[in-house]
Amino acid sequence: MRITGKNDWFRTFFASAMLMFLISGSASAEFIFTAPPRETPQQGQVLYGPMADALTQQLGVKVSYQHPGNWVNYQKMIRDDQADLFFDGPHFAAWRIDTKKAEPLVKLPGVLNFVLVSRSKDKEITATRDLVSMKICALPSPNLGTLTAYSMFPNPSQQPKFVNIKGGFKAVHKALVAGKCEGAIIRKSVYSKALDSTARSALNVLQESDPLTNQGITVSTRIDAANTKKISDFLASTQGKAASTKLFQRFSKGNEKFVPAKSADYKGHNLLVDNMVFGW
């Protein structure tokens, strides 16, 4: 009869422990999908939940949508690379590509650009420089439009005073009309399509920003090449289009599918590197 020694016991114990660890790790494998807290958690689940569920079936790995709770937590999730898939604006994506080696997959069609406007009746304001030390209504930072407006005033000693307005760009326009500020930064598509001719005639466009690539989806380095390709192929498929319907209704009306994205699309879009004052 063979007598089991201490070394045999240790090897058996170690092998069992490793097996349990591997089984546990495999069972708990999960990818986190997140996006900025522009909606409530319930609204976010409506937008992104179907995409997460469909990706779970496609990959055979659990994909969970996680609402960040607030902007501070969202920025922390980005800085600490706490999610595997992000859907957000080009300034966030460009920062992750530059610093976290994230890979861009797909994006919404079209571009994002903004107009800096004043009221036509304010005859003394005819150029961007006329807003130095004055108030500009804008969405709370780190909104892309707000960061774009900051970039229009590169001299720190000649910055305007930004007034945070909640409720979207239409609310920003209303605040300007109501006299809460002398200028406002508004997405060009809102200016061109959401405002009627009477509203536009009451505004003076001081500056239009250069176009930036649209919102898109990036993946972290934790997702391997095989799964990255599966995600990219799925998002471009008929099933991916169906799962993304709510997202397109919210952010890209009139479009139904993503277009491919590449790192070159985000070159020069990183507005967050030096902007610590913006809460980043």
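Which residue, of Lys230, Lys246, Lys257, is surrounded by 15 or more Cβ atoms within 10 Å (Cβ to Cβ) and within 17 Å of Val61 (Cα to Cα)? Of the residues listed, the single one that is surrounded by 15 or more Cβ atoms within 10 Å (Cβ to Cβ) and within 17 Å of Val61 (Cα to Cα) is Lys230. The residues in the range 103-137 that are small (Gly, Ala, Ser), modelled with pLDDT of 95 or more and touching a helix residue (DSSP H, G or I) at 6+ places or on another chain (Cβ under 9 Å) can be counted, and the count is 2.
Of the strands (runs of 3 or more DSSP E) lying entirely inside the range 53-160, those containing at least 2 residues that are touching a strand residue (DSSP E or B) at 6+ places or on another chain (Cβ under 6 Å) and farther than 23 Å from Leu212 by Cα span 62-65. Selection of the range 41-81 for residues being of a type in the set (S, T, N, Q), at pLDDT 95 or above, over 16 Å from Ser244 (Cβ atoms) and surrounded by fewer than 16 Cβ atoms within 10 Å (Cβ to Cβ) yields only Gln42. The set of residues from the range 188-212 being among the aliphatic types (A, V, I, L, M), in contact with a strand residue (DSSP E or B) (Cβ under 7 Å, 6 or more places away or on another chain) and surrounded by fewer than 18 Cβ atoms within 10 Å (Cβ to Cβ) comprises Ala202, Val205.
Look at the range 140-167: where a residue is closer than 22 Å to Gly179 by Cβ and a partner is of a type in the set (Ser, Thr, Tyr), sitting 6+ places away or on another chain with Cβ atoms under 6 Å, you get Met152/Thr128.
Considering the range 180-197, and only residues there that are without any contact (Cβ under 8 Å) to a residue 12 or more places away in the chain and over 25 Å from the mean Cα position of the chain (by Cα), the residue that is farthest from Thr126 (Cα to Cα) turns out to be Asp196. Scanning the range 208-238 for residues that are in contact with a Ser or Thr (Cβ under 6 Å, 6 or more places away or on another chain) and not aliphatic (A, V, I, L, M) yields a total of 1. The test for being modelled with pLDDT of 95 or more and either under 27 Å from Met152 (Cβ atoms) or not in a helix (DSSP H, G or I) (or both) holds for Gly179. Could you say whether any residue in the range 93-114 is touching a residue at least 60 places away in the same chain (Cβ under 8 Å), under 24 Å from Ser197 (Cβ atoms) and not hydrophobic (A, V, I, L, M, F, W, C)? Yes: the range 93-114 contains one or more residues that are touching a residue at least 60 places away in the same chain (Cβ under 8 Å), under 24 Å from Ser197 (Cβ atoms) and not hydrophobic (A, V, I, L, M, F, W, C).
Criterion applied to Ser189, Ser151 was being of a type outside the set (Val, Ile, Thr), modelled with pLDDT under 95, outside the structural domain of His91 (by TED's automatic domain parsing) and under 30 Å from Asp233 (Cβ atoms), and the one residue passing it is Ser189.
The values are calculated or read from the model by the stated rules, or taken from the named source; none is laboratory data. All values reported here derive from a predicted model rather than from experimental measurement. Note: ideal-geometry Cβ built from the backbone for every residue, glycine included; neighbour counts use all protein chains shown.
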